[in-house]
Amino acid sequence: MPLVKELAKEGEISMYIIMLGAPGTGKGTIGNEICKHYNLMHIATGDIFRAEIKNQTELGKKANEYISKGQLVPDDVTIAMCESYLDKSDNVLLDGFPRTIHQAEALKEYLANKGKSVTAVIDLNVPDEDIVVRTSSRIICSNKECGAVFNTVFMKPKVEGICDVCGSKLIKRPDDNPDTIRKRLETYHKQTEPLIEFYEKEGLLEKIDINIYSETTKEDTTRKSVEKIDARLSD
Ligand SMILES: [Zn+2]
């Protein structure tokens with residue numbers, strides 16, 4: 001039997017993976033690894049919004065009306081934008097969408113109309129206090145063109161306070177302090193809990209526990225996620 005991953009690469013099967021995880025869980029990184037493994041199109045709504053706004057598309061202009069005022073983009077704008085990307089491929093990984101139950105229902109209906117459904121929802125689970133430790137020890141290169149990221153606990157630069165890549169000074173983001181991170185996590189959990197319940201009821205939720213203190217966190221998390229997805233595809 002051919003491997004699931006080969007079938008996905010050849011477009012023989014369709015895959016819709018949703019990534020959930022608080023800021024600081026490494027969702028973007030793990031999402032990228034899963035995309036590479038199955039050759040999926042990565043639909044990250046944050047990136048999409050930025051690109052659409054930069055290119056001044058109709059949807060971009062509409063979204064910017066809200067973003068520029070510091071307001072949330074309404075569900076119908078977000079849904080329309082994501083659907084225009086979903087139209088391009090049957091093998092995608094969604095990051096940042098759906099964010100609300102309304103969006104989740106819209107996605108379900110959109111896929112049902114194509115005779116498809118969500119394959120799995122990967123929920124990256126890191127204890128909040130671990131995220132606080134990791135994020136508050138993050139230091140970034142002060143040279144904006146470099147932008148390298150280090151960590152005083154997990155990924156120390158060769159010379160303290162100096163960027164390995166370009167030699168500039170390393171600084172802390174003002175937002176990366178424990179209080180702000182805890183507030184950010186609280187907001188995330190409040191917003192995401194209903195969504196987690198929704199997908200649990202749908203029987204699609206795959207919780208992946210992550211130990212950020214392990215040296216092979218990225219590999220372990222990717223492998224666990226792929227195993228869960230493979231199991232669902234071969235059902
Ligand atoms: Zn640098």
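The values are calculated or read from the model by the stated rules, or taken from the named source; none is laboratory data. Model, not experiment: these values are computed from the prediction. Using ideal geometry, Cβ is built from the backbone for each residue, glycine included, and neighbour counts are taken over all protein chains shown.
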Exercise. Mind checking whether some residue in the range 90-108 is surrounded by fewer than 14 Cβ atoms within 10 Å (Cβ to Cβ), out of contact with any Asp or Glu (no Cβ under 6 Å at 6 or more places or on another chain) and part of a loop (DSSP other than H, G, I, E, B)?
Worked result: no
Problem set entry | Any helices (runs of 4 or more DSSP H) falling wholly within the range 1-72 and containing at least 3 residues that are at pLDDT 90 or above | 27-38, 45-54, 58-67
Exercise. Is one or more of the residues making up the range 117-124 over 25 Å from Ser214 (Cβ atoms), over 20 Å from the mean Cα position of the chain (by Cα) and part of a loop (DSSP other than H, G, I, E, B)?
Worked result: no
Exercise. Within the range 167-183, can one find any residue that is in contact with a Phe, Trp or Tyr (Cβ under 9 Å, 6 or more places away or on another chain) and modelled with pLDDT of 95 or more?
Worked result: yes
Exercise. Which residue pairs have Cβ atoms closer than 6 Å, lie 6 or more positions apart in sequence or on different chains, and pair a first residue in the range 132-147 that is outside any loop (DSSP other than H, G, I, E, B) with a second residue that is acidic (Asp, Glu) and away from the ligand (no atom under 11 Å from the Cβ)?
Worked result: Thr135/Asp176; Ser136/Asp176; Arg138/Asp176
For this session: State whether one or more residues within the range 175-194 are closer than 15 Å to Arg134 by Cα and of a type in the set (S, T, N, Q).
Result: yes
Exercise. Quick one: is Ala80 closer than 27 Å to Tyr38 by Cα, without any contact (Cβ under 8 Å) to a residue 60 or more places away in the chain and in a helix (DSSP H, G or I)?
Worked result: yes
Exercise. Among the residues of the range 194-213, is any within 16 Å of the ligand (Cβ to nearest atom) and under 22 Å from Gly96 (Cβ atoms)?
Worked result: no
Exercise. For the range 126-176, which residues satisfy the criterion of being among the small types (Gly, Ala, Ser), near the ligand (Cβ under 9 Å from one of its atoms), surrounded by 13 or more Cβ atoms within 10 Å (Cβ to Cβ) and within 25 Å of Gly21 (Cα to Cα)?
Worked result: Ala148
Exercise. Which of (1) touching a strand residue (DSSP E or B) at 6+ places or on another chain (Cβ under 9 Å); (2) exposed (fewer than 14 other Cβ atoms within 10 Å of the Cβ) is the odd one out, the single condition Thr45 does not satisfy?
Worked result: (2)
Exercise. If you check Asp209 against the conditions, is it over 20 Å from Lys27 (Cα atoms), charged (D, E, K, R) and loosely packed, with under 13 Cβ neighbours inside 10 Å?
Worked result: no
Exercise. Looking at (1) on the phi > 0 side of the Ramachandran plot; (2) without any contact (Cβ under 8 Å) to a residue 12 or more places away in the chain, which is the only condition Ile162 fails?
Worked result: (1)
